[in-house]
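Okay, structure first, notes after.
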Amino acid sequence: MEALSLKALLYIFIGGGSGSLLRYLIGWGTAQLLGRPTPWATWGINLLGSLLIGLLLGLMMRPTGLSSDYRPLLIIGFCGGFTTFSTLSADLVNYLRSGELLTALAYLSLSLIGGVLLAYLGLRWGRTL
């Protein structure tokens, strides 16, 4: 494991704050457009974040690609702040509490399968750019 530096901590802080803010703004904007909040905004954000993290990892794997020095800023910070497992979990609990078992199962399945698939596709895409 690499040494922890003040620079890396600062990158994580800046990236995490930026990712969290963007996640909030997308959720807020979606609620404004629809007239109500929707868990599917979280679903879309998590899928987009999965694609982005795969793309960034793929770019970092290339010999002439993105420097892994940006990992704390972009992957740990931004993608970590942008995506959210805890909100996905809360959304699932709300579906279950309201008796929407099929919606909960669809939401969970689409989140997991879609997230892994998009991370993989992003990785492949990043390695070929």
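No value in this document is a laboratory result; all are computed from the given coordinates. None of these values were measured; they are calculated from a predicted model. Using ideal geometry, Cβ is built from the backbone for each residue, glycine included, and neighbour counts are taken over all protein chains shown.
What's the local net charge at Gly54, with K and R +1, D and E -1, over the other residues with C-beta under 15 Å away? Its environment carries a net charge of +4. The relative contact order of segment 58-129 comes to 54 percent, based on Cα pairs under 8 Å that sit 6 or more residues apart. Segment 1-53 and segment 103-125 have Cα centres separated by 17 Å. Under Stokes-Einstein, with the Kirkwood radius over Cα pairs as Rh, the value for segment 49-113 at 25 °C and 0.890 mPa s is 180 µm²/s. Gly81 sits among other residues whose Cβ lies under 15 Å from its own Cβ, and their net charge, with Lys and Arg +1 and Asp and Glu -1, is +2.
Candidate values [x] 1.07; [y] 1.17; [z] 1.36 were compared with Cα Rg over 2.2 N^0.38 Å computed on the shown model; the agreeing label is [y].
Charges only on Cβ, +1 for Lys and Arg, -1 for Asp and Glu: so what's the dipole of the chain about the Cα centre, in debye to the nearest 20? Intermediate results must be reported in sequence, preceding the final value.
Values: 8 positive and 4 negative charges, 37 e Å.
Dipole magnitude for the chain comes out near 180 debye.
Label-to-label distance, Leu9 versus Leu101, with points set 7 angstrom from Cα along the beta-carbon direction: 4.9 nm. A straight chain from Asn94 to Met61 at 0.36 nm per residue would run longer than the Cα-Cα distance by 8.0 nm. Taking the Cβ-Cβ separation of Leu110 and Tyr24 as r and a Förster radius of 22 Å, what is the calculated FRET efficiency to the nearest 0.05? After rounding, the FRET efficiency stands at 0.50.
The angle between the Cα long axis of helix 85-97 and the longest principal axis of the Cα atoms of the chain comes to about 10 degrees, rounded to the nearest 10. For the chain, the longest principal axis of the alpha carbon atoms and the long axis of helix 39-61 meet at an angle near 20°.
Summing charges over neighbours of Leu105, with a neighbour being any other residue whose Cβ is under 15 Å away from its Cβ, gives -1 when K and R count +1 and D and E count -1.
Quickly rank 102-109, 120-127, 63-70 as a protection proxy: mean count of other C-beta atoms within 10 Å, highest first. If you can, show how the numbers build up before the last one.
Numbers: 102-109: 14.4, 120-127: 17.0, 63-70: 11.5.
Going from most to least packed, we get 120-127, 102-109, 63-70.
Between Gln32 and Tyr120, the simple label model (points 7 Å from Cα in the Cβ direction) yields a spacing of 3.8 nm.
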